[in-house]
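The values are calculated or read from the model by the stated rules, or taken from the named source; none is laboratory data. Owing to the predicted nature of the structure, the values given are computational and were not obtained by experimental measurement. Reconstructed Cβ throughout: ideal geometry from the backbone, glycine too, with neighbour counts over all protein chains shown. Each accessible area value is taken on the protein alone, full model and side chains, heavy atoms only, with ligands, DNA and RNA left out. Shrake-Rupley method; radii C 1.70, N 1.55, O 1.52, S 1.80 Å.
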Amino acid sequence: MTRTRFAPSPNGPLHLGHAYAAIVAHDLARERGGTFELRIEDIDGERSRPEFVSEILADLAWLGIGWDGEPVFQSHRLGSYAQAGERLKQMGLLYPCRCTRAEIAAASTRMGPDGPVYPGTCKHRIVDPAGAAWRLDMDAARALAGPLDWVDDIAGIQRAIPEIFGDVVLLRKDLPASYHLAATLDDAADAVTLVTRGLDLFAASHVHRLLQALLGLPVPTWHHHALLVEPDGRKLAKRRGSPSLGDRRRAGEDGIALAAALRGGRLPAGISLSRSLHTGT
Ligand code: GLU
């Protein structure tokens, strides 16, 4: 049975792009007689706020989007992330790192999907693990897992190339998890069969496929949907002035009609759907 999920981070108000993402995930589950999970990715302690969680629930209700079961909160699952982290440490696949962002930016020689790729500074150093972040030794992980493929139901079969990220952080210094580890573990724990999210996270799936292989997790299918973009091709974002869903809701707009318009491809003036993301600033 198909199970999809919408996994917002409560670190700001949702905008039209989130509404589109929620609708895609919800409708794919409903069309196939499957289930749809709401997962709150609230492990970013510095930026997550409970008031944004209530806003997310209100926004989805306003759009007429119902989820199955109780919402899942990542902050309740830190123990399972830590356990997987221990396992990867015991496999010799993680190493502690205390480099700062500035040090990494200065020493990095290439850009990856998330910015400057880690140059491996701490890999061969003795580093005090107390309060350090833990990075995946990508070469060792790739060698252990061998070649891997994954399937996006729009883009087709993909050869996994997680090495474009370099040695990603799997356990942050303030948290026994990172987005990559938590999202991969949750999709497995919740039996998500179709990981539905925007094309901006397409590359992340290379890392998630590798983690599934290392941890013996089931492999879902992915559905990376088009993104709502501004006339300059950039993703919609609240900070760039698009009204949030909450703004629209409080202004008395009809959420059900808005959801119907998004489903029908009737987008507000100047906004379009794009399968190619312009990531320039
Ligand atoms: N929490 C992520 C976001 O809000 C989505 C992660 C995912 O769908 O895998 O962008």
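Any idea how far the Cα center of the range 1-38 sits from the one of the range 86-144, in Å? When both Cα centres are located, 32 Å separates them. Just the protein heavy atoms count here, and of the accessible area of the range 1-48 at 1.4 Å, carbon and sulfur take up 45 percent. The H on the amide N of His225, modeled in the peptide plane, is under 5 Å from the matching H of Arg197, Gly198, Leu199, each at least 5 residues off or on a different chain.
The candidates Ser54, Ser75, Ser274, arranged from most to least accessible area with a 1.4 Å probe in the full protein assembly, appear as Ser54, Ser75, Ser274.
Spacing of the modelled spin labels on Asp200 and Val151, each 7 Å from Cα toward Cβ, amounts to 2.9 nm. In the chain, the alpha-carbon atoms span a convex hull of 135 Å³ per residue.
In plain terms, the C-alpha convex hull of the range 160-235 casts an average shadow of 6.2 nm² when viewed from every direction.
Taking Cβ separations below 4.7 Å as the criterion for a possible disulfide partner, the isolated cysteines in the chain are Cys99.
Rolling a 1.4 Å probe across the protein heavy atoms gives the chain an accessible surface of 46 Å² per residue. The stretch between Thr109 and Ala191, if pulled fully straight at 0.36 nm per residue, gains 25.7 nm over its current Cα-Cα span. Compute for the range 112-162: radius of gyration divided by Kirkwood radius, i.e. Rg/Rh, restricted to C-alpha atoms, rounded to two decimals. Answer for the range 112-162: 1.09.
Per-peptide packing, taken as the mean over residues of other Cβ atoms within 10 Å, places 24-30, 123-129 in the sequence 24-30, 123-129 from highest down.
Principal semi-axes of the equivalent ellipsoid, √(5λ) from the alpha carbon gyration tensor of the range 3-129, are 35, 18, 15 Å from largest down.
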